[in-house]
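*Asks:* This is the structure, below, for whatever I ask next.
Derivation of every value follows stated rules applied to the coordinates shown; laboratory data play no part. Predicted, not measured: the structure shown is a model, and the values here were computed from it. Every residue, glycine as well, gets a Cβ built from its backbone with ideal geometry; the counts of neighbours run over all protein chains shown.
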Amino acid sequence: MRNFAPVKLRIFILSILAAATTTAMAAVTHDATATATGTTLEAAFIDPDTTIVLTDVSVTAIKQGSRDDDASAATVVGRQQIERQRLVTVRDVSNLVPNFFLPDYGSRMTSTIYVRGLGARIDQPAMGLNIDNVPVMCKENYDFDLPDIARVEMLRGPQSTLYGRNTMGGLMNVYTLSPLSWQGTRIIAQMASHMSVKLGASHYAKFNDKLGLSAGVYYTTTRGEFTNEHNGKRCDWERQGSARVKLEWKPSSTLSVSNTLSASLSRQGGYPYKWLETGCIAYNDTSFYRRTSIMDGLTLTKHFDSWSLSSITSYQYINDNMTLDQDFTPMPYFTLTQARREHALTQELVARSTGDETYRWLVGAFGFYRRYRMDAPVTFKDTGIASLIEEHVNKMNPYYPVKWNERSFELGSEFTNPSWGVALYHQSSLDWKRFTFTAGLRLDYEHSTLRYHSETHTGYDVMETATGNIYRSTSIDIDDRGSLSKHFVQLLPKFSVTYHLPTTARASIYASASKGYKAGGFNTQMFSDVLQQRLMGLMGIGAAYDVNQIVGYRPEKAWNYELGAHFETTDNRLRADIALFYIDCRDRQLTIFPDGTTTGRVMTNAGKTRSLGAEASLNVNITDDLGLNLSYGYCDARFIRYNDGKADYKDRLVPYCPQHTLFARAFYTYNIKGDSPWARAIILDADLKGAGAIYWNEANSLNQPFYALLGASVTLAGKHYSLQLWGSNLTGTRYSTFYFVSISHEFLQQGRGRMLGATLRINI
């Protein structure tokens, strides 16, 4: 892989941004007398777009205030943008938001998120996810299709003061369509390359001014794009179905009740990992991911004279199974199964002042309880036994070689992990002249217990080379049980000051400092390696692990220092956001390969890093029919201190975090004259999404250079329907989304190629 020239890239991107800004400003100046048309949920398909903008955070967001109060970078994606670009998952928003990257690899379980250089491949996420104000507790449940999204808000930088654990990189709020705001029936049918089909239907009913109900079902299937050369079958096939019911009730002008119940089933192959030695995807054992999830969220809000009280209660259930050919080669090394059932309860109370008072306050309490049970056996097979065990032992004593008495055995691991946490938080905002001062503090406590049971029952024969007879037979019976517990206490402050510029347009400059953290925990997948090393230690080889040290890891903490600005013209034709940030991250959670002859990876607190960067977003309505969106993020994330005992990686770039993210989009609406309900407008849309360079290891010896994917669509819109013909990665750009090493073998996952499709939407 070649290295991309970063200086040329920066000049190229800055030139685009400068040219676009100049063009947009000229267009706004030329057409300053025109008025902008707003978009409502009742609007037809031909309404102007609400794409990526920085505007007021909606009142449906219980904790956030207006944009004038919020001293942080935020991106809002509106309903028209969501539908035109077919956004139905968190992954789809990747690249639209500066310095937010969610690579598409593995399966829906691998929701690895990187924001501003923060993130890790396993365990705790760097970004929180709320759906209709309900926090999604399990990262493995982040990636699922959610139709009828009304709006997506991405807040970048630590949101831990108000939202707690695992929001140190940011927070994504997803809001679904309300039956009190829109009534009717919505139907979607989509057909695309690789026999990809999406079908959905939902109905929104408003019984009276106080009560509304919606229900919807959704189904998607794909044959898959990548072929397993070992068996000639597509390995990334998928089938998924979901259903949602949403009730909204306003019994009085001061009380509102909302409850959303959703369930989904996902079955997929996934894991199209290419072995670099052969240049193809080829593995012999079955790999798949299955998930069943249920979520119910109840929100109650009571308004008083000058304040409001909200209660958010949720129950979440996930039952999933990841089964892998863990070596991803045609040889029978070993397989892994990770089957889990998790139950989670959350409760939050939020009280806040209302109105436009000079002093505003918010106070809240949050509590959660989670409990999961996991079975995670690793099955060693013939090649794994021969190359990872017998070969190492026999090199030490060739005159008395060992021979396993079975060509397949299991390293069994069972876990139960109950955890709970409580938090208290407060935030105050004070206006003084043109300044707004905000300060907040959160006290967060979490306790986690891991009860484990690891066992294996196998054996081997010691042979006598001279005679070929069995010299000695040995049985191995390991049965380890134990319990580990950890607790974490965090104080999470936040400070900011905003200066509102003396202009008729909305414009402000802000500076902020805030602390965020990712929760600590346990490396459950490491127990098979502990057991493997224990087994090999009985034979005189392998590394001895201290379970307490190798299995647990501490929270990751970061301070984010930010300087930014928001600008918006009075006619809403131009909106812009600029931010500069510096992040000091300590106890960095890193995914590493531990010492010894192991098959897995472990999360450890191995380093200190810093991230510095810049972000810019621009949204321009050049005319009533022509619009432009641009967003660019630059992030330089490096190790300040990290030595793994083999090498010192000081000043090296943090792996898997892209240095640049780019999104550019232009759209034009041609309004058709006449009153025909079948042809009201033709909408042309083109976009470019880019990311890179992405370094694959701590040594920075391998990387994915910057790449860009071109997409386009043409939509025929009527009064109650739209038909869109679209394409993604139209140039067929080849790029990689993931790299890893397993038992000294290197693997890559290739990004998805060109896709063409058609989407029909009907609103009745």
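*Asks:* Give me the Kirkwood hydrodynamic radius of the stretch 270-321 in Å, from all C-alpha pairs, to one decimal place?
*Replies:* 15.9
*Asks:* Another one. Going Cα to Cα from K403, which lysines come in below 26 Å? Please leave out same-chain ones fewer than 8 positions away.
*Replies:* K381, K395
*Asks:* Shifting gears a bit: Just add up the charged neighbours of F747: K/R +1, D/E -1, any other residue whose Cβ is under 11 Å from the Cβ of F747.
*Replies:* On the way: positive: K274; negative: E277, D327, E746.
Residues close to F747 contribute a combined charge of -2.
*Asks:* What is the helix-to-structure angle for 6-30, meaning the angle in degrees between its Cα long axis and the longest Cα principal axis of the chain, kept from 0 to 90 and rounded to the nearest 10?
*Replies:* It works out to around 20 degrees.
*Asks:* Ignoring solvent entirely, what values of log10 I(q)/I(0) come out of the Debye formula for the stretch 90-182 at 0.24 Å⁻¹ when each Cα is a single scatterer?
*Replies:* Result of the Debye calculation: -1.35.
*Asks:* Just want to confirm a number: the relative contact order over the stretch 6-763, from Cα pairs under 8 angstrom separated by 6+ residues, in percent.
*Replies:* Relative contact order comes out at 12 percent.
*Asks:* Return the equivalent ellipsoid semi-axes of the stretch 125-177 as a descending list in whole Å, where each equals the square root of 5 times an eigenvalue of the C-alpha gyration tensor. Working shown, then result.
*Replies:* Working: eigenvalues 69, 30, 15 Å².
Three semi-axes, in Å: 19, 12, 9.
*Asks:* Here are some pairs, K557/K608; K494/K518; K518/K646; K650/K689; K302/K515; which of them have Cα atoms lying more than 20 Å apart in this structure?
*Replies:* From the list (K557/K608; K494/K518; K518/K646; K650/K689; K302/K515), the Cα-Cα distance tops 20 Å for K518/K646; K650/K689; K302/K515.
*Asks:* Write down the Å³ per residue value for the convex hull defined by the alpha carbon atoms of the stretch 370-443.
*Replies:* Cα convex hull per residue, to the nearest whole number: 213 Å³.
*Asks:* Let me ask something additional. Please work out the ratio of the alpha-carbon Rg of the chain to 2.2 N^0.38 Å and round it to two decimals.
*Replies:* 0.99
*Asks:* Apply the Karplus parameterisation 6.51 cos²θ - 1.76 cosθ + 1.60, with θ equal to phi minus 60°, to every residue of the stretch 501-510 and state each ³J(HN,Hα) to the nearest whole Hz, in sequence, with x for glycine and proline.
*Replies:* 5, x, 8, 5, 6, 7, 8, 8, 10, 9
*Asks:* What is the helix-to-structure angle for 527-537, meaning the angle in degrees between its Cα long axis and the longest Cα principal axis of the chain, kept from 0 to 90 and rounded to the nearest 10?
*Replies:* Taking the Cα atoms of the chain, the angle to 527-537 is about 20 degrees.
*Asks:* Oh, and also: Is it possible to state the helix-based mean residue ellipticity at 222 nm for the chain, with each DSSP H run of 4+ residues giving -39500 (n - 2.57), the sum divided by total residues, to the nearest 500 deg cm²/dmol? What is it? Don't jump to the answer; show the numbers that get you there.
*Replies:* On the way: 6 runs with 57 residues, N = 764.
Estimated from H runs of four or more residues: -2000 deg cm²/dmol.
*Asks:* Can you give me the distance in nm between label points at D480 and K719, each placed 7 Å from the Cα along the Cα-to-Cβ direction?
*Replies:* Label-label distance for D480 and K719, simple model: 7.2 nm.
*Asks:* Rank by packing, highest mean first: peptides 306-318, 79-91, with packing defined as the count of other Cβ atoms within 10 Å averaged across residues.
*Replies:* Ranking, from highest mean packing down: 79-91, 306-318.
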